[in-house]
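Notes follow the structure.
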Amino acid sequence: MEIINRRKRMMSVARKLRREENRTIGFVPTMGALHEGHLSLIHEARAMCDVVVVSVFVNPAQFSPAEDFSSYPRDLARDAALLAEYNVDYVFAPTVEEIYPPGFSTYVTVEGVSDELEGASRPGHFRGVTTVVAILFNVVKPDFAFFGQKDAQQAVLIKRMVRDLAFNTEIVVLPVFREASGLAMSSRNNYLNDEQRRAAVVLSAALSKAREAYEEGERNATRLIELARSVIEKEPLARIDYVSVNDGETLERLDKVEDRLALVSLAVFIGKTRLIDNVVLGEARKYDAAGA
Ligand code: AMP
């Protein structure tokens with residue numbers, strides 16, 4: 001496994017792999033602090049592609065000044081050891097200057113859908129995400145790129161960007177990987193103490209409640225939201241940012257869940273830590289816990 005810091009080196013490796021060796025490249029972009037959720041993406045990339053590239057880059061452009069960019073967990077040595085165990089071929093771990101050279105001034109924005117849900121709570125976040133993913137795709141030139149349904153809106157936006165800007169990369173979205181308690185794996189779970197970690201189970205419990213109601217025939221989005229909120233409101237350490245029911249593809253807000261896939265998503269503060277989770281209604285548990 002080679003760790004690459006320079007974009008030029010990464011570009012020449014990718015060019016050689018594709019042109020001279022005709023090998024397919026699978027790419028998993030991450031911000032490091034790897035957990036089993038990331039590893040489930042890497043596992044799939046390994047199964048589908050000849051060469052696996054994982055990027056580890058905490059992207060300043062997707063954090064607002066008030067957010068946790070400087071405190072975000074970073075441990076490249078630990079991440080690299082895990083990635084070697086998973087037979088990853090290349091780790092791309094650039095510095096901020098490698099990605100954003102002096103004078104950087106070009107951004108990619110998916111209009112409309114970037115402003116809903118996470119975008120409403122975190123203005124500018126998705127501009128940072130789509131910009132860095134566009135840069136990484138141009139550097140790595142992957143045949144396939146793997147994303148988690150954990151960040152459902154991100155997956156929708158990336159697919160839209162790839163289609164609109166004609167990137168030659170197929171996007172593969174994989175299920176939310178959960179702990180046995182139901183808690184979705186997240187690098188930000190590292191911020192939680194034991195009591196908060198127990199409290200954080202309300203996110204998935206609330207989504208399960210909504211899904212059960214849906215399975216029993218409830219189609220009214222307001223009612224599904226109320227049911228989910230009622231679970232979270234019972235937990236004193238939890239503070240709701242939003243609970244929402246949206247079309248699974250367009251992310252348009254829904255009043256009623258009908259034939260199309262619906263995304264129930266939420267963001268909840270546990271202490272100072274903001275966690276997100278979601279579930280898709282209307283499909284045979286495709287997006288459900290593959291995990292522990
Ligand atoms: P991050 O390092 O948080 O930017 O995440 C990198 C990739 O891993 C993104 O595509 C995430 O959606 C995905 N991911 C993070 N947590 C999970 C999880 N619990 N299950 C599945 N995928 C995940």
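The values are calculated or read from the model by the stated rules, or taken from the named source; none is laboratory data. Owing to the predicted nature of the structure, the values given are computational and were not obtained by experimental measurement. Reconstructed Cβ throughout: ideal geometry from the backbone, glycine too, with neighbour counts over all protein chains shown.
Below is a table of values for the structure above.
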quantity	calculated
Cβ-Cβ under 9 Å pairs, at least 6 apart or on other chains, the stretch 25-49 side closer than 11 Å to VAL88 by Cα, far side within 11 Å of the ligand (Cβ to nearest atom) and in a loop (DSSP other than H, G, I, E, B)	LEU39/PHE177; ILE42/LEU34
Filter result for the condition that a residue is part of a strand (DSSP E or B), under 27 Å from TYR191 (Cβ atoms), away from the ligand (no atom under 16 Å from the Cβ) and modelled with pLDDT of 95 or more, over ASP277, ASP241	ASP241
Residues of the stretch 173-204 satisfying the condition of being surrounded by 15 or more Cβ atoms within 10 Å (Cβ to Cβ) and more than 10 Å from the ligand (Cβ to nearest atom)	GLY182, TYR191, LEU192, GLN196, ARG197, ARG198, ALA199, ALA200, VAL201, VAL202, LEU203, SER204
Check on VAL52, closer than 14 Å to SER187 by Cβ, in contact with a Gly (Cβ under 7 Å, 6 or more places away or on another chain) and either aliphatic (A, V, I, L, M) or modelled with pLDDT of 95 or more (or both)	no
Subset tally (residues that are assigned to a helix (DSSP H, G or I) and out of contact with any helix residue (DSSP H, G or I) (no Cβ under 6 Å at 6 or more places or on another chain)) for the stretch 115-130	4
Test: residue in the stretch 129-136 that is in contact (Cβ under 8 Å) with a residue 24 or more places away in the chain and more than 16 Å from the ligand (Cβ to nearest atom)	no
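Condition check ((1) over 26 Å from LEU174 (Cα atoms); (2) within 16 Å of the ligand (Cβ to nearest atom)) across all residues:
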site: ARG6; (1), (2): yes, no
site: LEU17; (1), (2): no, no
site: GLU21; (1), (2): yes, no
site: VAL28; (1), (2): no, yes
site: GLY32; (1), (2): no, yes
site: LEU41; (1), (2): no, yes
